[in-house]
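Note sheet for the following structure.
The values are calculated or read from the model by the stated rules, or taken from the named source; none is laboratory data. From a predicted model like this one, the values you see are computed outputs, not experimental measurements. Here Cβ is always computed from backbone atoms with ideal geometry, including for glycine, and neighbour counts include all displayed protein chains. Ligands, DNA and RNA are stripped out before the accessible areas are found, and what is left, the full protein with its side chains, is counted by its heavy atoms. Shrake-Rupley method; radii C 1.70, N 1.55, O 1.52, S 1.80 Å.
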Amino acid sequence: MSDLHYLVLSAILAWVMLLTASVLSARGWNHAGIRVMLGNRDDVPEPTPVAARADRAARNMLENLVLFTAVLAAARLSGTNGADLALGASIFFWARLAYFPLYVVGVRYLRTAAWALSVAGLGLIAANVLPH
């Protein structure tokens, strides 16, 4: 797959993370939770630890998606071959995909390792733009 495929997949992943956090926060698996999800969210219950972690992970993905998009755009605009960017983009995506469930279930050190690996993917992309 190309770097642009991974960009689109990362955007979809961010949406899935946000949706998951929203459902967990509203407790959308029961009738009362569905009413909260379909309402204006004035009465969202206090988040459970799992819902709070899902929300933090989703927000972290949004922050990192901005960085991923910026670095990838800079690399593309610099004329870097997309094939050279695909490895960094794939590392970013797969690491972020692993990061979410690790964070939600509360696996501390592996979660941090997955995050660091995604940052390494950003670094690989950026290395194609920065002067050598």
Looking at residue 96 and the list (1) free of Cβ contacts under 8 Å to residues at least 60 places away in the same chain; (2) part of a helix (DSSP H, G or I), which single condition is not satisfied? (1)
Given (1) farther than 22 Å from residue 127 by Cα; (2) modelled with pLDDT of 90 or more; (3) more than 12 Å from the chain's Cα centre (by Cα), number of the condition residue 11 does not satisfy: (3)
Criterion (within 19 Å of the chain's Cα centre (by Cα), closer than 27 Å to residue 129 by Cα, modelled with pLDDT under 95 and of a type outside the set (Lys, Arg)) met by exactly one of 67, 85, 19, 97: 85
Matching entry among 71, 104, 119 (being of a type outside the set (Asp, Glu), in a helix (DSSP H, G or I) and surrounded by fewer than 21 Cβ atoms within 10 Å (Cβ to Cβ)): 119
Residue, least open to solvent (accessible area, probe 1.4 Å), within segment 122-132, restricted to residues that are farther than 23 Å from residue 13 by Cβ and in a loop (DSSP other than H, G, I, E, B): 129
Which residue pairs have Cβ atoms closer than 9 Å, lie 6 or more positions apart in sequence or on different chains, and pair a first residue in segment 106-132 that is in contact (Cβ under 8 Å) with a residue 40 or more places away in the chain and farther than 15 Å from residue 83 by Cα with a second residue that is open to solvent by 70 Å² or more (accessible area, probe 1.4 Å) and not aliphatic (A, V, I, L, M)? 106/49; 118/94
